[in-house]
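The structure appears below as structure tokens.
The values are calculated or read from the model by the stated rules, or taken from the named source; none is laboratory data. Here the structure is a predicted model, which means the values were calculated and not measured. Note that each Cβ is placed from the backbone with ideal geometry, even for glycine, and that neighbours are counted across all protein chains shown. Protein only, heavy atoms only, side chains kept; ligands, DNA and RNA dropped before computing areas. Shrake-Rupley method; radii C 1.70, N 1.55, O 1.52, S 1.80 Å.
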Amino acid sequence: MGMTMTEKILAKHAGVDSLSAGDLLVSQVDLVLANDITGPPAIVEFNKIGKPVFDKTKIALVPDHFSPCKDIKSATMCKQLRDFAHQHEIVNYFEVGQMGVEHALLPDKGLVAPGEIVIGADSHTCTYGALNALSTGMGSTDIAAAMASGTSWFKVPSAIKVNLTGKFPKYVSGKDLILTLIGMIGVDGARYQSIEFSGDGIAELTMADRLTICNMAIEAGAKNGIFPVDEKTIEFLAERGVTRPWEAVVADDDAEYSRIIDINLAELKPTVSYPHLPENTHPACESNHIKIDQVIIGSCTNGRFEDLQAAAEILKGKHIADGLRVIIIPATQEIYRKAMHAGLFDIFLDAGCAVSTPTCGPCLGGYMGILAAGERAISTTNRNFRGRMGHVDSEVYLASPYTAAASAIAGYITSAEEVMK
């Protein structure tokens, strides 16, 4: 029996010729990640091991969730991460002024390549599957052990194959695709499985689309999401200075999948996830003018330059609705600089938006946009659980940058097509 992309990466890193779904194994890892929330407990456990880090070039520490620090507690957590990075001479430590939202930052820094294994103490570590890597989130204790040993244990996941065909309609993007998929299979539809994407439709997806899609694989319960390598992948890696040897993986023709899902991109519509689960999806055009109080455009899901371009396309020459708060958060300093020089900030500021330094901020209810009881936000983030962005009686609606920007102009949830008529 052939192997999936995920199985091939695990087999190589575990030093075995073949394996099957359900097998347990110990595997080498290529990069270990932690942030200002998950890093401190990992450091506590690491210190109990009494060993040095396995490789100071293969650990990445990014204080992004509450950074720039919002209070004394967050400052203390960031200091713990900073002190550890300095003590162990961690090469890939990114502080304020150099940092970004971790899952946008690491690919842009060239720290991820095809065929590699990346584990992180953050559930959205699955983002890097867009680059043909096996990337997945783990607990802080697992990360502590990996920082000392360079290895981790895995249960080989079964796989779902998602076959993509066609081309996106205007104002439809990767966010709409992944929200549609989650709506189809549910938040536990891919529980501890790999979602492997294939088909001619992949060529129509930008790298930003693919990163967004893999980022939200966890919202369907998946262990990871993964794409094959194509010319766009190779160009992305070259632009980010990835010169180390890497080897792309391709699923065998006779690889075994638990199910196959066919999606025609041409049939997709701008999609919104209603509270309080990502699976609660509806077409944006059928949202019946749900009034909103706040718009967030950013995060590890949709804070890339292409996402800001999409929002600017809708906002240019227009103004947000009266009484509405719109916060734009570029995901990294380089994205911030690129957007600024491209004139996007002028568009955002002229439209009445606020532009923030890179941070996770409001996505997890940290800061930079907390909701009060009874308030609603439409957001390009990845989760809309009860209380995710503030008060337990607030509501978060998930959408693409196109839809979020259009809703900012209207003052209620709507599609870009409606606003741009």
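Quick look at the values:
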item: Filter result for the condition that a residue is modelled with pLDDT under 95 and either farther than 26 Å from GLY110 by Cα or out of contact with any Leu (no Cβ under 9 Å at 6 or more places or on another chain) (or both), over ASP55, ASP36, ASP17; result: ASP17
item: Of the criteria (1) within 14 Å of the chain's Cα centre (by Cα); (2) under 28 Å from LEU308 (Cβ atoms), which one LYS223 fails; result: (2)
item: Residue list for region 93-137, filter: under 18 Å from PHE54 (Cβ atoms), open to solvent by 20 Å² or more (accessible area, probe 1.4 Å) and not aliphatic (A, V, I, L, M); result: TYR93, GLU116
item: Filtered residues of region 272-291 (kept if in contact with a Ser or Thr (Cβ under 8 Å, 6 or more places away or on another chain), among the hydrophobic types (A, V, I, L, M, F, W, C) and surrounded by fewer than 24 Cβ atoms within 10 Å (Cβ to Cβ)); result: CYS285
item: Subset of region 358-411 that is open to solvent by 40 Å² or more (accessible area, probe 1.4 Å) and part of a helix (DSSP H, G or I) - its residue that is farthest from SER299 (Cα to Cα); result: TYR402
item: Elements of type strands (runs of 3 or more DSSP E) in region 1-67, at least 2 residues being under 14 Å from ASP142 (Cβ atoms) and of a type in the set (Lys, Arg); result: none
item: Residue within region 48-59 that is touching a Pro at 6+ places or on another chain (Cβ under 6 Å), closer than 15 Å to PHE84 by Cα and of a type in the set (Asp, Glu) present; result: no
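Yes/no matrix, rows are residues, columns are (1) free of Cβ contacts under 8 Å to residues at least 24 places away in the same chain; (2) touching a strand residue (DSSP E or B) at 6+ places or on another chain (Cβ under 7 Å); (3) within 19 Å of ASN163 (Cβ to Cβ):
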residue: TYR257; (1), (2), (3): no, yes, yes
residue: LEU265; (1), (2), (3): no, yes, yes
residue: LEU277; (1), (2), (3): no, no, no
residue: HIS282; (1), (2), (3): yes, yes, no
residue: GLU286; (1), (2), (3): yes, no, no
residue: ILE290; (1), (2), (3): no, yes, no
residue: THR301; (1), (2), (3): no, no, no
